[in-house]
Amino acid sequence: MKRTTVETLASYVDALRSIIYINHFDFKVIDDSIAKIGKDVKCVEFNNAFGLVDFRTKSPMMDCDLEGFLRLTWEDGFEQETFLILKDVHEELNNPKIISLLKKIAELNIYDDTYNETVFILSETLVIPNSLENYITIFDIPLPSMREILKIIKNFIKDLDIKVEQDTIDEIALSFKGLNEFQIKQILNLAYQDGGCIDREDKFLILKEKEQFIKKSGMLELVNFSEKIEDIGGLDNLKDWLYRKQKIFENLDKALKFGVDLPKGLMIIGMPGCGKSLTAKATASLFEIPLVRLDVGRLLGKYVGESEENMRKALRLSEAISPCVLWIDEIEKAFAGVGENGLGHEVTTRLFGQFLTWMQEKENTVFIVATANNISKIPPEFLRKGRFDELFFVDLPNVEERKTIFDIHLRKRNKWNKDIDYISLVKATEGFSGADLESVVKDTVELAFIEYRNTITTQDLLNTVKNTKSISNTLKEKIDEIRERIKKVDIKSASRKVN
Ligand code: ATP
């Protein structure tokens, strides 16, 4: 059974985790949890503004700095079980004296049976000095469960004395999934002030607010798109697979009750310009859910533990807005250097491990779409069965696919006509990528406009083909290498007919 915040926090204290770092902004919620596990414990608080503070009444007791506070209180643990609650002290964690005092407390707590003192650090910013790394445990406040969300909504309604149908409460509660208590209350307040009631329409308000959280966090990027699954020419195996997953997403509740596993996601590997990014966007469109991009480079921070913390935040945020598609573009670059020696690589290796664990354990509706060109640079752990639901290889489009891609891009620009001779076009464009074919259509349409022609002919298109350097010309070696490496891996072809 899932533990509550208070139970988890209590288990950390019991396990002699000497310094518990709670990286959160809502100190009231944390104070409540600490108060619950510290009923019979001496609790002393340090507050940056007032010095020593009575933890329960919050009245200032003595003006002092953090060093003075620690000197005054470090021995308390010999007399009785003590909690030291330090708020917003992250900037002090680079001070060698503070580090030594905290280390002293932590060591005594672990090695001396007559000493019992636990330090809680509460801050929105995570700073972990190297020398305290082994003593600090980062504590994540779990997001409220469905039951807790329902309780928050019901209490809110009760306090305001308003009437809301049970169906509406259930529906809204579902949309709140992934947000913390503070955010839920904030949105409920907003919704109430907006319309004087709580109703189904507030679901859209919740979605909008969730988008705000994404933007503010800077950890994930919300991608706007207009591409649909019908915009993909070919890749029929891949599309069929997506249609199947869409059926599950559409009836998730029923599917899970039936015993279907939660879809995890897919990895698409292959040639540049052949529809990998297009598929990521079309997936979100097919599932009718938001598309968010995870840029691992953006998560790297300069302090110890900062990058891992950013990754944790980004993944939690993706859960917060789930169901969603989490897109990791060029995954081989995102996790470049995993397993290799070197300072930068250590962090990437840790981030990679963190991401893998999250993927392995994930019980949520975040659908991962990872895209990559270079299979040899992808950490092999990703390629093992069971990580992703499926791996697909996207090759240069075959004859049938080239025809469809021409068709899609001509129709998109209203330039399709029945006289277009696809057979000649397809013959002339062997080795062209989807992006090359699109560029042929684009350039031909542009030329027709400049030359005041309303229609375009097969010959116009063939002329542009002649002047277009396809990917097979410009990147021949890279393409051969991708094909060679792909042979050694158990991977499905995204296309139905292989060249
Ligand atoms: P890269 O590895 O360079 O990022 P990619 O495989 O992600 O490439 P996309 O961005 O999906 O390539 O493709 C570029 C453009 O080419 C698309 O926006 C689309 O217009 C066109 N295109 C590529 N493949 C197809 C396809 N199969 N059907 C229709 N259009 C395609």
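Values in this text are rule-based calculations from the coordinates and carry no lab data. Since the model is a prediction, treat every value here as computed from it, not as a measurement. Backbone-built Cβ (ideal geometry, glycine too); neighbour counts: all protein chains shown.
Report the rotationally averaged projected area of segment 287-427 based on its alpha-carbon convex hull, in square nanometres. Walk me through the intermediate numbers first.
Values: hull surface 46.3 nm².
For the Cα atoms of segment 287-427, the hull's average projected area reads 11.6 nm².
Close amide H partners of Gly301, meaning residues 5 or more places away or on another chain with modelled amide H under 5 Å apart, are Ser307. Over segment 229-304, what portion of Cα pair distances is larger than 14 Å, expressed as a whole percent? Pairs farther apart than 14 Å: 68 percent. For the set Lys216/Lys276; Lys239/Lys313; Lys281/Lys487; Lys228/Lys362; Lys42/Lys104; Lys42/Lys154, the pairs lying more than 30 angstrom apart at their alpha carbons are Lys239/Lys313; Lys42/Lys154.
For the chain, the convex hull drawn through the C-alpha positions has a volume of 204 cubic angstrom per residue. Karplus-based coupling profile of segment 179-192, in residue order and whole Hz: 9, 8, 4, 4, 5, 4, 5, 4, 5, 4, 4, 4, 4, 5, with θ = phi - 60° in 6.51 cos²θ - 1.76 cosθ + 1.60 and x standing for Gly or Pro.
For Ser226, Ser145, which order do you get if you count the other beta carbons within 10 Å of each Cβ and list the fewest first? Mind dumping the intermediate values first?
On the way: Ser226 7, Ser145 12.
Starting with the residue having the fewest Cβ neighbours, the order is Ser226, Ser145.
Karplus-based coupling profile of segment 78-92, in residue order and whole Hz: 6, 7, 7, 4, 10, 10, 9, 10, 9, 10, 6, 9, 3, 5, 7, with θ = phi - 60° in 6.51 cos²θ - 1.76 cosθ + 1.60 and x standing for Gly or Pro.
Along the axis of the charge dipole computed for segment 399-468 (Cβ charges of +1 for Lys and Arg, -1 for Asp and Glu, origin at the Cα centre), the listed residues Leu462, Asn417, Ala435 are led at the positive end by Asn417. Each residue of segment 145-159 was assigned a 3J(HN,Hα) from its phi angle through the Karplus expression (A = 6.51, B = -1.76, C = 1.60, θ = phi - 60°), giving 6, 4, 4, 5, 4, 4, 5, 4, 5, 4, 5, 4, 5, 5, 4 Hz with x at Gly and Pro.
By the count of other C-beta atoms within 10 Å, a proxy for reagent exposure, Val41, Val441, Val260 are ordered fewest to most as Val260, Val41, Val441.
Listed cross-link partners Lys257/Lys497; Lys247/Lys427; Lys247/Lys497; Lys215/Lys333 are compared with a 28 Å cut-off, the Cα-Cα value being larger for Lys257/Lys497; Lys247/Lys427. With the charge dipole of segment 146-214 set up from +1 on Lys and Arg Cβ and -1 on Asp and Glu Cβ about the Cα centre, the Cα lying farthest toward the positive end among the listed residues Phe176, Leu207, Met146 is that of Met146. Check which residues have an amide H placed less than 5 Å from Ala370's amide H, if you skip close sequence neighbours. Sorted by chain and number, the residues that satisfy this are Leu266, Met267, Ile268, Ile328.
List Tyr243, Tyr21, Tyr452 from most exposed to least, where exposure is judged by having the fewest other Cβ atoms within 10 Å. Walk me through the numbers on the way to the answer.
Values: Tyr243 11, Tyr21 25, Tyr452 6.
Ascending Cβ contact count within 10 Å gives the list Tyr452, Tyr243, Tyr21.
Explain nothing, just the number: dipole magnitude of segment 399-468 about its Cα centre with +1 on each Lys and Arg Cβ and -1 on each Asp and Glu Cβ, in debye rounded to the nearest 20.
On the way: 11 positive and 12 negative charges, 39 e Å.
Dipole of segment 399-468, to the nearest 20 debye: 180 debye.
Near Ser433, the amide H atoms lying under 5 Å from its own belong to Ile471, Ser472; only residues 5 or more places off or on other chains count, and H is placed 1.01 Å from N. Think of the chain as having a plus end and a minus end, set by charges on the Cβ of Lys, Arg, Asp and Glu; of Thr357, Ile289, Gln166, Ile289 sits farthest toward the positive end of this dipole. Taking the Cα centre of segment 146-214 as origin and assigning +1 to Lys and Arg Cβ atoms and -1 to Asp and Glu Cβ atoms, the resulting dipole is close to 220 debye. Among residues other than Lys97 with Cβ under 12 Å from its Cβ, the summed charge is 0 (Lys and Arg +1, Asp and Glu -1).
So for the chain, averaging the separation of alpha carbon pairs under 8 Å that are six or more residues apart and normalising by length, what relative contact order in percent results? Present the calculation step by step, with values, prior to reporting the outcome.
Working: 747 pairs, mean separation 64.3, N = 499.
That works out to 13 percent.
Note on segment 399-468: the C-alpha convex hull projects to 4.1 nm² when averaged across all orientations. At a Förster radius of 56 Å, what calculated FRET efficiency corresponds to the Cβ-Cβ distance of Glu75 and Glu446, to the nearest 0.05? With a Förster radius of 56 Å, E is 0.10.
Kirkwood-based Rg over Rh for segment 79-233 (C-alpha set), two decimals? Don't skip to the end; give the middle numbers.
On the way: Rg = 22.5 Å, Rh = 19.7 Å.
Ratio of gyration radius to Kirkwood radius: 1.14.
Assuming charge only on the beta carbon of Lys and Arg (+1) and of Asp and Glu (-1), the dipole of the chain about its Cα centre is about 2000 debye to the nearest 20.
Quick one, can you get me the convex hull of the C-alpha atoms of segment 121-203 expressed as volume per residue in Å³?
Working: hull volume 9.4 nm³, N = 83.
Considering the Cα atoms of segment 121-203, their hull volume per residue is 113 Å³.
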